[in-house]
1. Among the residues of the range 215-226, what is the count of those that are out of contact with any Ser or Thr (no Cβ under 9 Å at 6 or more places or on another chain), open to solvent by less than 90 Å² (accessible area, probe 1.4 Å), part of a strand (DSSP E or B) and over 18 Å from Asp195 (Cβ atoms)?
2. Assuming Glu247 fulfils every condition listed in (1) within 30 Å of Ile71 (Cβ to Cβ); (2) crowded, with 19+ Cβ neighbours inside 10 Å apart from one, which condition is it?
3. Just one of Arg204, Arg136, Arg158 is charged (D, E, K, R) and either free of Cβ contacts under 8 Å to residues at least 12 places away in the same chain or on the phi > 0 side of the Ramachandran plot (or both); which is it?
4. If I ask for residues that are within 19 Å of Asn200 (Cα to Cα) and open to solvent by 60 Å² or more (accessible area, probe 1.4 Å), which ones from the range 227-239 would you list?
5. Would you mind stating whether Ala119 is surrounded by 15 or more Cβ atoms within 10 Å (Cβ to Cβ) and not hydroxyl-bearing (Ser, Thr, Tyr)?
6. For the condition part of a helix (DSSP H, G or I) and closer than 21 Å to Asp58 by Cβ, what is the one hit in Ala170, Ala155, Ala212?
7. Pairs only if they're at least six apart or on different chains, beta carbon under 7 angstrom, first in the range 139-151 and farther than 12 Å from Asp91 by Cβ, second of a type in the set (D, E, K, R) and open to solvent by 90 Å² or more (accessible area, probe 1.4 Å); list them, first residue then second.
8. Which of the following residues is at pLDDT 50 or above and either farther than 16 Å from Val234 by Cβ or among the aromatic types (Phe, Trp, Tyr) (or both): Arg53, Arg22, Arg47?
Amino acid sequence: MRSNTGFGLLALLATMAITACRPGQATIVVALGEDGAGSTVEDVEVRLLPYDRDEIFDSLTVAAPMPEPEIPPDLLAAQVEIAEAQQAWRDMETRWNTLRDTLQKLNTTLEGLNPGMTAYRAIFNEWQDLEAEYNRAGRQNEVLFGTFTDLQQAAIGRMDSMKIVQDDWADQAFEAVDQVIMAKVELSGLEPLADTTDTNGIARFDEVAPGAYWVYARHELPYNELYWNVPIVVTREEPFVLRLSEENADSRPIF
């Protein structure tokens, strides 16, 4: 009987050779909300970088001729107060709009009923109660919007000035950042990759050279941004999946 051991060994070596040449895969999902289980986010640029950008910027910050300008605590507190006031106004506006839509639906139902019917009277009573709540919500909505705009106008000048100071400092402190990044990329032997999240909040990287990367992304909110710089290792064996959420993001104030 002829042995097939030689053919089996050849097949094993061929499989190993294919695996060794195969690129890795990485899938990044951007989803906000509690535990990242909320809404996925579209149009977020996600990059796989073969260097730690935080390390680069931290080192340049230390070497800068002047310390990084600090944001005054009272300005940070004002920003939080503005954000909370804006959210309170938006919540009330949502409630006001919901009440309006409900009243319109009830009114349409009443138009199709005989005023002498029991159902008509029950729906009409509900309509009256909701109308009173709708009017109260409208008045509260105006008050909350006024509070929000007053707080915003009081702080906007200082915020703009702070942004100018930050930008001027960064222009000087990070003047050499491009050269440092180029050197880091060359040293890694890997190429930076980029993709943008689709309607499902997914960025896909199907041709990734195995190695160490940092997943870098930002998502801007009204008064702060979510910032990610997460280290990962991509291999040929298993596709890598990472979820970016508020849990693993740094929240940074913006002006």
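The values are calculated or read from the model by the stated rules, or taken from the named source; none is laboratory data. All values derive from a computational prediction rather than experimental measurement. Note: ideal-geometry Cβ built from the backbone for every residue, glycine included; neighbour counts use all protein chains shown. For the accessible areas, the whole protein counts, side chains as well, though only heavy atoms, and no ligand, DNA or RNA atoms are used. Shrake-Rupley method; radii C 1.70, N 1.55, O 1.52, S 1.80 Å.
1. Residues that pass the stated criteria total 0.
2. Of the numbered conditions (1) within 30 Å of Ile71 (Cβ to Cβ); (2) crowded, with 19+ Cβ neighbours inside 10 Å, the odd one out for Glu247 is (2).
3. Arg136
4. Hit for the range 227-239 is Pro239, nothing else.
5. Considered against the rule, which asks whether it is surrounded by 15 or more Cβ atoms within 10 Å (Cβ to Cβ) and not hydroxyl-bearing (Ser, Thr, Tyr), Ala119 comes out as no.
6. None of the others qualify; the one that does is Ala170.
7. Partner pairs satisfying both residue conditions: Leu151/Glu81.
8. Arg53
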